[in-house]
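The values are calculated or read from the model by the stated rules, or taken from the named source; none is laboratory data. Computed from a predicted model, the values in this text were never measured in an experiment. Cβ atoms come from the backbone with ideal geometry, glycine included; neighbour counts cover every protein chain shown. Accessible surface is based on the protein model in full, side chains and every heavy atom, while ligands, DNA and RNA are left aside. Shrake-Rupley method; radii C 1.70, N 1.55, O 1.52, S 1.80 Å.
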Number of protein chains: 2
Amino acid sequence: MRPNKRDELVQKALIIFYRNGFHATGMDMLVAETGISKTSMYKHFRTKEDLILAVLRLRDELFRNWMVRRMEEIGKTPKEQLIAMFDALGEWFSKPEYRGCMFIKASAEYQEAEHPIHAQAATHKKLLYGHVLKLAENANVTDPGTLARQLLLLKEGAIVTAHLGHSKNPAGDAQRAAKILIDAALS
Amino acid sequence: MRPNKRDELVQKALIIFYRNGFHATGMDMLVAETGISKTSMYKHFRTKEDLILAVLRLRDELFRNWMVRRMEEIGKTPKEQLIAMFDALGEWFSKPEYRGCMFIKASAEYQEAEHPIHAQAATHKKLLYGHVLKLAENANVTDPGTLARQLLLLKEGAIVTAHLGHSKNPAGDAQRAAKILIDAALS
DNA sequence: TCCAATAGTTACTGATCTGTACATATATCA
DNA sequence: TGATATATGTACAGATCAGTAACTATTGGA
């Protein structure tokens, strides 16, 4: 049984927490849905919070890898890659299992900035900002920091709006806005 | 005791749910922090869910009234009022008790679109869209629907980002982006 | 003063929560 | 085969969860 039970737990817990929320998911539900015994879980993680932190670390890795890869596949130049972020978002939103951003939800359930789970969610956003900032710099825009933050505002807004479901095509709306902002920053 | 106990409960529960989250706030905590007996609570509301729905209705009323009023106080023309939305957001973010948008958090804890709490959150966003759409129409922009949705993407993004706290001035970034989008929609 | 509505107190149910104790099974490697 | 690590099953502790029952106190209006 070398293929780690710990990793299996984190992967399965990720899906369940994403679908069901953090407080609303009890350890007994994890036992029932993963088939992994509670004793094993508590051997790998001292507390539920530790498990959630491991889940968020995995999610951060998976999500950023996926997002960066899609942006590079769709766009060639830095400017195209920035615009491609919203194509990738559109793909994500159209998946049937889409339920919004796990980090926004984590920060909604663990609100205090000092809480480790909240802090981990903030770290994810910071790391993504780093990537977008680099692209904005390479696109030679005036004030790349501002443009990067503005594009990410559109991204977060689209994520929330896609989950709240009162808009038909938030990724498309965001992308059209992004193009205008990028062009304005290039002149 | 004409000044309704029911209203008092909803007002106090609003503050507690906003600060503490929905699942994380038990009825016993509400009893302890409001001083209202559990029997009274369950005389006014059949379930915790019913209480939450009443809280969200109040929040919708208070928030939209406040936002519309501030926009009208700060901006004269429809265009100025659209831009003023982000001044109002900045005021909100700087309040010490700021904890993000209650409706985003509600939809994060009650994820299924069919859930009454989720639906109520979506309704709030729809109502706000109606107001912004009317302003965009009165500002005589081309495609007011798209502009209204894009401005609201910036708004939701700023709200999330202000709560996740990795950005210094999300309302300012959003406002500068909003001005560019509005000007582009006017030409 | 009496009625009726609204409030509170206390104690409870049964379920579920996180986390643990303890004894047993299984798999790998020497 | 035997040692060690890792997994399991079951049962539990103690707290908390939403919601209820039965009874009492307070209030406003007629």
Original post:
Of the residues in the range B:175-187, how many are crowded, with 17+ Cβ neighbours inside 10 Å and in contact (Cβ under 8 Å) with a residue 60 or more places away in the chain?
Top reply: 3
Subject >> Residue among B:Arg46, B:Arg57, B:Arg6, B:Arg19 that is open to solvent by 70 Å² or more (accessible area, probe 1.4 Å) and touching a Phe, Trp or Tyr at 6+ places or on another chain (Cβ under 9 Å) >> reply: B:Arg6
Subject >> Filtered residue count, the range B:136-146, keeping only those that are more than 9 Å from chain A (Cβ to nearest Cβ) and touching a Lys or Arg at 6+ places or on another chain (Cβ under 8 Å) >> reply: 1
Subject >> Residue among A:Gly100, A:Gly172 that is surrounded by 17 or more Cβ atoms within 10 Å (Cβ to Cβ) and on the phi > 0 side of the Ramachandran plot >> reply: A:Gly100
**OP:** Inspect the range B:159-172 for any residue being assigned to a helix (DSSP H, G or I), closer than 17 Å to B:Cys101 by Cα and either more than 19 Å from the chain's Cα centre (by Cα) or basic (Lys, Arg) (or both) and give the result as yes or no.
**Re:** no
Original post:
In the range A:160-169, which residue that is more than 7 Å from every other protein chain (Cβ to nearest Cβ) and touching a residue at least 60 places away in the same chain (Cβ under 8 Å) is least open to solvent (accessible area, probe 1.4 Å)?
Top reply: A:Ala162
Original post:
Could you count how many residues in the range B:16-61 are without any contact (Cβ under 8 Å) to a residue 24 or more places away in the chain, part of a helix (DSSP H, G or I) and over 22 Å from B:His115 (Cα atoms)?
Top reply: 9
Subject >> Scope the range A:9-25; condition more than 13 Å from DNA strand D (Cβ to nearest atom) and within 12 Å of another protein chain (Cβ to nearest Cβ); matching residues >> reply: A:Phe17, A:Tyr18, A:Arg19, A:Asn20, A:Gly21, A:Phe22, A:Thr25
**OP:** For the range B:113-134, name all the residues that are within 9 Å of chain A (Cβ to nearest Cβ) and either of a type in the set (S, T, N, Q) or open to solvent by 70 Å² or more (accessible area, probe 1.4 Å) (or both).
**Re:** B:Thr123, B:Lys126
Original post:
Going through the range B:72-88 one residue at a time, which ones are without any contact (Cβ under 8 Å) to a residue 24 or more places away in the chain and over 20 Å from B:Ala185 (Cα atoms)?
Top reply: B:Glu72, B:Glu73, B:Ile74, B:Ala88
**OP:** Could you look through the range B:22-43, keep only residues that are of a type outside the set (Val, Ile, Thr) and under 18 Å from B:Glu109 (Cα atoms), and pick out the one that is surrounded by the fewest Cβ atoms within 10 Å (Cβ to Cβ)?
**Re:** B:Gly26
Original post:
Just wondering, is there one or more residues in the range A:65-81 that are surrounded by 12 or more Cβ atoms within 10 Å (Cβ to Cβ), within 16 Å of DNA strand C (Cβ to nearest atom) and within 30 Å of A:Arg149 (Cβ to Cβ)?
Top reply: no
Original post:
Could you count how many residues in the range A:130-159 are touching a residue at least 12 places away in the same chain (Cβ under 8 Å) and in contact with a Ser or Thr (Cβ under 8 Å, 6 or more places away or on another chain)?
Top reply: 4
